[in-house]
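Q: One structure, pasted below without further comment.
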Amino acid sequence: MNEIPWWKKSVVYQVYPKSFNDSNGDGVGDLNGISEKLDYLADLGVDVLWLNPIYRSPQVDNGYDISNYRDVEPQLGTMADFEHLLQAAHDRHLKIILDLVVNHTSDQHPWFKAAKSSVSDPHHDYYIWKKPVDDHEPNNWGSSFGGSAWEYKKDLGEYYLHLFAKQQPDLNWENPKVRQEVYDLMRFWLDKGVDGFRMDVISLISKDPAYPDGPLIQGKAYGSYYAGAANGPKVHDYLQEMHEQVLSHYNIMTVGETPHTTAQQAQLYTAADRHELDMVFHFDHMHLDYGQYGKFSTNRFKLVDLKEVLARWENTLAQVDGWNSLYWSNHDQPRPVTRFGDEGQYRIRSAKMLGTVLHMLQGTPYIFEGEELGLKNVHFDQLSDYNDLETKNIFKELTQQHHESPEAAMKAIYLHSRDNARTPMPWDGSEKGGFTTGQPWLGLNPDHKDINAAEDLADSDGVYHYYQHLIKLRHEEPLITTGVFELLAPDDPNLFIYLRKGEHETLLVAGNFSSEERTWSVPDDLQAKDVDVLIRNSEISDSLEKTLTLPPFGAVVYKLQ
Ligand code: TEU
């Protein structure tokens, strides 16, 4: 059998540099701060660190608006600091992947400054410009952050496209010069020894040349660009060209962020024989609690729907020797304990349960900073306490366009603001959480006095030590990487139970998503006394009898011979 690629047996830890650890007291996390915490990360047992963008940026979208791809954002440090971090990580057998943001640049990038200077500038068609149609925007597309996706440059008599903030103009991937510029900047970092990339909204880089209007959904004033910009006509040509010209020349890993992509479409991105990407991030499980206004709703997910989504992705990618990423959260999502688990008396146990049912799936697990501590969403009282432009824009949309009360808007923001994930890491219970000696760029979660790394690591039953065990299992138990997935009890509204089947052995994974004790009738062929308990988060039977009883948010993994 072919050697299993290293990234199929790896666990990735996502570091949001601004919020991880501040080494120089300016209130902003930085690269040297990450270097200071490498032993914390190596001891957890992870294999790869994904750093959110570290490049020079005006910070309109916290680094996802890049003005120089070959320089480090001064607030985060210097190129020497990065090279030191990379070497120190490699010395601990930790790989580092960077965030490749090439669907768009900052409007402060020299390319865009030249492009907007004149329609005849050589850089003009590095971006996407259109003439007005009937004195209006070229189509009805809305920006991800509210408003139109088109910005008019009066002096040029043209609009430019920005699927995100107007300070984030979309690059024109139709232009081969743009593609070569991207491949060159990728080589710049790979030749430094970087171990791969997470590719920001890579499913959006090829647009439908007709730029058709998008459907009006969820009460939005503008049409969705997904119909014309997600999984566009040439996206696979571009990725296969990138693979041939760059990726295939290095022993690296790649993960594409592919919003608005189905499991079937993901087969095309990740099938081994297509030579595109190693895996993708999908969003199907992130949209289960969306409501009439999209993401900012007060709906709660339904476990039956969650199990259907996770099983569909497991089964669909397995059909083509594709590969899955496994995640509960990232820098754009609320905290898993709040969204999928329990913030109250079962916070720690539900955090462990969520870790168990995710890490035993087939795919590469991603741990977003703080997930290994069971962190919760933050309760900021004022809108002014939030930093994220998406959050500030949605407050205006909910109150001014949809006439929701400020209280209702703040409740939806509490549940879904991206700042839930971006509050500074609480290293200890001191006033500034051991994150900084200065004024933090974003407030810490007030609960950090009790919920912090020092407290959790001192608890042998804490979340961090449980995650160490989960990660160790992935490194030692081949079935977690290769076992065939089979969902059991698909209609059970509280229990997530599945198998990972090998030739002679089987793993049975069970998680209780409710705050009540639940039971499950174990099928005859799975009842066994001589089973190994690989991990459990509470008092659960040592063997599989006729009935499996799981306490509130209980989780267990059995290995059957
Ligand atoms: O996010 C793209 C994307 O899918 C987001 O719009 C996501 O759907 C939304 O944030 C969920 O609330 C990537 C980055 O992860 C995000 O931080 C950037 O703001 C965005 O691209 C633009 O680069």
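The values are calculated or read from the model by the stated rules, or taken from the named source; none is laboratory data. It should be emphasised that the depicted structure is a prediction, and the values quoted were computed from it without experimental measurement. Glycine also receives a Cβ, built like all others from the backbone with ideal geometry; neighbour counts cover every protein chain displayed. Side chains are part of the model used for accessible areas, which takes the heavy atoms of the whole protein and leaves out ligands, DNA and RNA. Shrake-Rupley method; radii C 1.70, N 1.55, O 1.52, S 1.80 Å.
Q: For region 295-339, what are the residues that are within 15 Å of the ligand (Cβ to nearest atom), in a helix (DSSP H, G or I) and not assigned by TED's automatic domain parsing to the domain that holds P17?
A: Within region 295-339, no residue meets the criteria.
Q: Is there a residue being part of a loop (DSSP other than H, G, I, E, B) and within 16 Å of the ligand (Cβ to nearest atom) anywhere in region 86-102?
A: yes
Q: Follow-up. Can you find a residue in region 347-354 that is touching a residue at least 40 places away in the same chain (Cβ under 8 Å), surrounded by fewer than 18 Cβ atoms within 10 Å (Cβ to Cβ) and among the hydrophobic types (A, V, I, L, M, F, W, C)?
A: Within region 347-354, none of the residues are touching a residue at least 40 places away in the same chain (Cβ under 8 Å), surrounded by fewer than 18 Cβ atoms within 10 Å (Cβ to Cβ) and among the hydrophobic types (A, V, I, L, M, F, W, C).
Q: If we scan region 434-453, do we find a residue that is farther than 30 Å from G146 by Cβ, of a type in the set (K, R) and crowded, with 18+ Cβ neighbours inside 10 Å?
A: The answer is no; no qualifying residue exists.
Q: Any residue at all in region 359-366 that is touching a residue at least 40 places away in the same chain (Cβ under 8 Å), within 16 Å of the ligand (Cβ to nearest atom) and surrounded by 21 or more Cβ atoms within 10 Å (Cβ to Cβ)?
A: Yes, the conditions are met somewhere in region 359-366.
Q: What number of residues in region 49-67 are more than 9 Å from the ligand (Cβ to nearest atom) and small (G, A, S)?
A: Number of matching residues: 2.
Q: Working only within region 340-375, note down all residues that are closer than 14 Å to S538 by Cβ, among the small types (G, A, S) and in a loop (DSSP other than H, G, I, E, B).
A: The answer is G341, and nothing else.
Q: Look through G502, G511 and report the one residue that is of a type in the set (G, A, S) and under 25 Å from the mean Cα position of the chain (by Cα).
A: The conditions single out G511.
Q: Of these, P110, P53, which one is under 25 Å from K177 (Cα atoms) and under 23 Å from the mean Cα position of the chain (by Cα)?
A: Just a single option satisfies the conditions, and that option is P53.
Q: With respect to R536, determine if the residue is of a type in the set (K, R) and within 28 Å of the chain's Cα centre (by Cα).
A: Yes; evaluated as a whole, the condition is true for this residue.
Q: From the list L470, L499, L457, L548, exactly one residue is within 27 Å of K302 (Cα to Cα), surrounded by 13 or more Cβ atoms within 10 Å (Cβ to Cβ) and in the same structural domain as V337 (by TED's automatic domain parsing). Which is it?
A: Among L470, L499, L457, L548, only L470 is within 27 Å of K302 (Cα to Cα), surrounded by 13 or more Cβ atoms within 10 Å (Cβ to Cβ) and in the same structural domain as V337 (by TED's automatic domain parsing).
Q: Okay, moving on. Mind checking which residues of region 166-175 are away from the ligand (no atom under 14 Å from the Cβ) and open to solvent by less than 50 Å² (accessible area, probe 1.4 Å)?
A: N172, W173, N175
Q: Taking into account only those residues within region 232-278 that are open to solvent by 40 Å² or more (accessible area, probe 1.4 Å) and within 16 Å of the ligand (Cβ to nearest atom), which is nearest to D200 (Cα to Cα)?
A: Going through the qualifying residues, I end up with H260.
Q: Also, I was wondering about something else. Condition (residue is open to solvent by 60 Å² or more (accessible area, probe 1.4 Å), more than 14 Å from the ligand (Cβ to nearest atom), of a type outside the set (D, E) and not assigned by TED's automatic domain parsing to the domain that holds V15) applied to region 149-165: is it met by at least one residue?
A: yes
Q: Continuing with the same structure: Of all residues being open to solvent by less than 20 Å² (accessible area, probe 1.4 Å) and among the polar types (S, T, N, Q) in region 126-147, which is nearest to P209 (Cα to Cα)? Just the residue, please.
A: Per the stated criteria, the residue is N139.
Q: Restricted to region 80-99, and to residues that are among the acidic types (D, E) and buried (at least 19 other Cβ atoms within 10 Å of the Cβ), which residue is nearest to Q14 (Cα to Cα)?
A: Among those that are among the acidic types (D, E) and buried (at least 19 other Cβ atoms within 10 Å of the Cβ), it is D99.
Q: Collect the residues in region 378-428 that are part of a loop (DSSP other than H, G, I, E, B), open to solvent by less than 50 Å² (accessible area, probe 1.4 Å) and within 14 Å of the ligand (Cβ to nearest atom), keeping them in residue-number order.
A: Y386, D388, S417, A421, R422
Q: Please give the number of the condition G193 fails out of (1) on the phi < 0 side of the Ramachandran plot; (2) surrounded by fewer than 20 Cβ atoms within 10 Å (Cβ to Cβ).
A: Exception for G193: condition (1).
Q: Taking the condition assigned by TED's automatic domain parsing to the domain that holds M253 and either part of a loop (DSSP other than H, G, I, E, B) or under 25 Å from the mean Cα position of the chain (by Cα) (or both), does V119 pass?
A: Against the criterion (assigned by TED's automatic domain parsing to the domain that holds M253 and either part of a loop (DSSP other than H, G, I, E, B) or under 25 Å from the mean Cα position of the chain (by Cα) (or both)), V119 does not qualify.
Q: Then there is this: Show me the strands (runs of 3 or more DSSP E) entirely contained within region 129-210 in which 3 or more residues are closer than 30 Å to V11 by Cβ.
A: Correct list: 196-199.
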